[in-house]
1. Collect the residues in segment 199-210 that are open to solvent by 20 Å² or more (accessible area, probe 1.4 Å) and not in a helix (DSSP H, G or I), keeping them in residue-number order.
2. Does Arg131 satisfy the condition of being open to solvent by 20 Å² or more (accessible area, probe 1.4 Å), assigned to a helix (DSSP H, G or I), among the charged types (D, E, K, R) and over 23 Å from Pro255 (Cα atoms)?
3. Can you pull out every residue in segment 28-73 that is within 30 Å of Ala329 (Cβ to Cβ) and more than 20 Å from the chain's Cα centre (by Cα)?
4. Test Pro48 against the stated conditions and say whether it is surrounded by fewer than 20 Cβ atoms within 10 Å (Cβ to Cβ) and in contact (Cβ under 8 Å) with a residue 12 or more places away in the chain.
5. Being in contact (Cβ under 8 Å) with a residue 24 or more places away in the chain, under 19 Å from His5 (Cβ atoms) and open to solvent by 10 Å² or more (accessible area, probe 1.4 Å): is that true of Gln299 here?
6. Among what's in segment 184-236 and is of a type in the set (D, E, K, R) and within 27 Å of Leu304 (Cβ to Cβ), pick the residue that is farthest from the chain's Cα centre (by Cα).
7. Among the residues of segment 73-84, is any in contact with a Ser or Thr (Cβ under 8 Å, 6 or more places away or on another chain) and buried (at least 20 other Cβ atoms within 10 Å of the Cβ)?
8. Quick test of your reading of the structure: Leu212 fulfils all but one of (1) touching a Ser or Thr at 6+ places or on another chain (Cβ under 9 Å); (2) closer than 23 Å to Ala164 by Cβ; (3) among the hydrophobic types (A, V, I, L, M, F, W, C). Name the failing condition by number.
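The values are calculated or read from the model by the stated rules, or taken from the named source; none is laboratory data. This structure is a prediction, so every number in the text was calculated from the model and none was measured. Note that each Cβ is placed from the backbone with ideal geometry, even for glycine, and that neighbours are counted across all protein chains shown. These area figures cover heavy atoms from the full protein model, side chains too; ligands, DNA and RNA do not enter into them. Shrake-Rupley method; radii C 1.70, N 1.55, O 1.52, S 1.80 Å.
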Amino acid sequence: MIDMHSHFLPRISQQEALAVEPRRAPWLRVDASGTTGQIMVGDQPFRPVYQALWDPDFRVRELDAQGIDVQVVCATPVMFGYAWEAARAADWAAQMNDKALAFCGAHPTRLKALAQVPLQDTRLACVEASRAMAAGCVGVQIGNHVGEKDLDHPDLVDFLVHCANEGIPVFVHPWDMMTGGNRMRQWMLPWLVAMPAETQLGMLSLILSGALERIPESLKICFAHGGGSFAWVLGRVDNAWKHRDIVRQDCPRLPSEYAHRFHTDAITFDLRALDLLIGVMGIERVMLGSDYPFPLGEQQVGELVRGANFLDEAQRRQILSDNARAFFALDDRAPDQQ
């Protein structure tokens, strides 16, 4: 199995974080046991975590226990730094990418790294994406927006065009979720309501803006968490496009005709949802993901796909490994990057 959606955060010290961005740079506070800890932002706890987040040897032991052959590793989104001064964020991204490559370098046949970039500056983001790929990353992870800029903003479209032209796979992860002041403050509602909506917003902004008409079809772009709410609202969007000229003013084709431009992971937690997702996206565009090592991820990685009786063995193999292998061109990497 190839798990194409997992996260890491290196053992960034408080001093390292303070030197970069005192109030907003994350760091890792590891407990005395060495097995648990806390992601910190400034002096505030952000999320409790455990050893798999920063220890590649421990992680690979867990991968062995779950039968995962290869895992693609990307930054925890709190590491992005999109609100910082661009040059500082670019230096931080380069440091984090080098740490990601070192993390994966402990087990180079089992762990593959995605890069992060300073997406608030298109030129610097393009430079770092290309540098990180040359250094051994297999793609780049970006957030679904930068402040008020959604994925259809010209700056972000330019970055996606660069990735298309350079053959850099892109993984889009929702972050900095819409919460509406005091709304959605309990029960993890930002993660349960706003996070899927953020992903849907990114996908629809690319479609309805006409951006996909300007981005080469060579772009490989994958959206996290089963594409959020995309598969479930696409019929509503098609209906709106047919009956309201303001919906189709920048979008020359029926929105559902663009679904083939996207990939998603298979993190849906429900067989009926997985069946719909595959029907909308196509079997060749859905890949195994886990969100490991966080509690909202699939705890037994691949269990949902393996239990899907509407899939035959060849289709299961596509989702569990073949699609990710093709998306990230894993078989094409040089031997020292395998």
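1. Of everything in segment 199-210, just one residue is open to solvent by 20 Å² or more (accessible area, probe 1.4 Å) and not in a helix (DSSP H, G or I), namely Ser209.
2. Yes, satisfied.
3. Result: Asp55, Asp57, Phe58, Val60, Arg61, Glu62, Asp64, Ala65, Gln66, Gly67.
4. When the stated conditions are applied, Pro48 passes them.
5. So Gln299 does not fit the description; no.
6. Once the filter is applied, the top-ranked residue is Arg236.
7. Yes - at least one qualifying residue is present in segment 73-84.
8. It fails just one condition, (1).
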